[in-house]
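J.: Take a look at the following structure, please.
The values are calculated or read from the model by the stated rules, or taken from the named source; none is laboratory data. Because the structure is a prediction, the values reported are computed rather than measured. Here the Cβ positions follow ideal geometry from the backbone for every residue, glycine too, while neighbour counts run over all protein chains shown.
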């Protein structure tokens, strides 16, 4: 009797360990990789870091160079999205006075600013089709009275 129970336990264990995972073969390309443009890859999510160490330089009455650091290599396909607006306005996509720029490098010149005006600026990393990091901290910039 004990031999029969032991044998049954071994058979059940083997059946459980041989269970297969189901997947949809329609998601595979000819190269054998899963492609899903609506969901980021694990690598995209892991590498989608928030820009940091925000800085400004070459401030004039009409423009400023806004820069940041990122752990993302400049050779990747990532880019950055920069938002800015006058400080008195909300810095979000619902505000019609918020301006959005796309940057391929970790610095961008913001032009056509008003003189002697305080602006708020933030940046985020674009890591895939619909994958973004959170927004950076907000940086305040004041343009000069005159160049």
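J.: For segment 88-105, how many residues meet the condition of being in a loop (DSSP other than H, G, I, E, B), at pLDDT 80 or above and surrounded by 15 or more Cβ atoms within 10 Å (Cβ to Cβ)?
T.: So the count comes out to 1.
J.: Among what's in segment 122-138 and is under 8 Å from the mean Cα position of the chain (by Cα) and more than 9 Å from residue 78 (Cβ to Cβ), pick the residue that is surrounded by the most Cβ atoms within 10 Å (Cβ to Cβ). Lay out the reasoning, then the answer.
T.: The first filter runs over segment 122-138 and keeps only residues under 8 Å from the mean Cα position of the chain (by Cα), leaving 124-128, 131-134.
Now narrow it down to the ones that are more than 9 Å from residue 78 (Cβ to Cβ): 124, 131-134.
On the way: 124: 19, 131: 16, 132: 15, 133: 21, 134: 11.
Within segment 122-138, the match that is surrounded by the most Cβ atoms within 10 Å (Cβ to Cβ) is 133.
J.: Need pairs with beta-carbon distance below 7 Å; first residue farther than 14 Å from residue 142 by Cα and within segment 85-114, second at pLDDT below 90 and loosely packed, with under 11 Cβ neighbours inside 10 Å; sequence gap 6+ or separate chains.
T.: 105/74
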